[in-house]
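Accompanying notes for the structure given below.
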Amino acid sequence: MEKPVIILGATGIAHPALEIFNSNDVVVYGFLDEDEKLHGTEINTVSVLGNPEDDGFLKLVGKKAEAFVAVDDVKYRKFLVKLLNERRKVQPINAIHQTAYISTDALIGHGNFINAKVTVGTGAEIGQHCILNTGAIIDHKAKLGDFVQIGAGSIINSEVTIGEGAFIGSGVTIVSGVTIGKNARVGAGSVVISSVGDNETVFGNPAAKIKS
């Protein structure tokens, strides 16, 4: 990649995203974050320049720089992606760690964070703007919608379907063929053996619905 990258967000996955780009010999121009207390600080010698909505910095995205959205919060992540789409007419790039294994026939969308030791199997489909944390396994023919988050060490078995905006905690196992609905949440360490509806929260082994 010839262009440097501007990272939107300076907390959460921002630091590991910087490490990913560094390991791939991609220059990071700087960070943009809404927290004014972070402006002028540095992460590994890379400066937090200002606010993501500041056109002075945002105008660099496109011709002079690429952008990556390093925000864990789904609502704000969606806001920043829309900002880049509408103001700069660009899609965020992927941040893929060198040690991740992605099958040659897996399908990967834009703006995904794929950390160290992640495995994406044959025929798997990863949507856009997903976060796959360290050591997650996405087995063959599994499908992840947009803005899905998968916790460290989770195992998404073959032919699982996960809907847009779903959150899967660390160390979760989802058995083959299960469907996880949109915006559903699966608590850390859970074993999911049956499908989960839209907006439902489940936890445990076997995972059971938590009453709100």
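In segment 140-158, the residue that is least open to solvent (accessible area, probe 1.4 Å) out of those that are assigned to a loop (DSSP other than H, G, I, E, B) and within 10 Å of Glu125 (Cα to Cα) is Ala142. Filter segment 164-185 down to the residues that are among the hydrophobic types (A, V, I, L, M, F, W, C) and over 18 Å from Ala124 (Cβ atoms) and list them by number. Listed by number, the residues that qualify are Phe167, Ala184. Does Gln128 fit the bill of being within 23 Å of Leu80 (Cα to Cα), at pLDDT 95 or above, buried (at least 18 other Cβ atoms within 10 Å of the Cβ) and out of contact with any strand residue (DSSP E or B) (no Cβ under 7 Å at 6 or more places or on another chain)? It is true that Gln128 is within 23 Å of Leu80 (Cα to Cα), at pLDDT 95 or above, buried (at least 18 other Cβ atoms within 10 Å of the Cβ) and out of contact with any strand residue (DSSP E or B) (no Cβ under 7 Å at 6 or more places or on another chain).
Exactly one residue out of Thr41, Thr99 is of a type in the set (Ser, Thr, Tyr) and within 16 Å of Asn115 (Cα to Cα), and it is Thr99.
Only one entry in Gly163, Gly187, Gly135 is open to solvent by less than 50 Å² (accessible area, probe 1.4 Å) and either in contact (Cβ under 8 Å) with a residue 40 or more places away in the chain or closer than 30 Å to Ser23 by Cα (or both), namely Gly135.
The condition (being of a type outside the set (Phe, Trp, Tyr), in contact (Cβ under 8 Å) with a residue 12 or more places away in the chain and in contact with a His (Cβ under 9 Å, 6 or more places away or on another chain)) is satisfied by just one residue among Lys3, Lys78, Lys64: Lys78.
The values are calculated or read from the model by the stated rules, or taken from the named source; none is laboratory data. Note that the structure is a prediction, hence the values are computed from the model and not measured. As a convention, Cβ positions derive from the backbone with ideal geometry for all residues, glycine included, and neighbour counts pool all protein chains shown. To get the accessible areas, we keep the full protein, side chains included, count just its heavy atoms, and leave off ligands, DNA and RNA. Shrake-Rupley method; radii C 1.70, N 1.55, O 1.52, S 1.80 Å.
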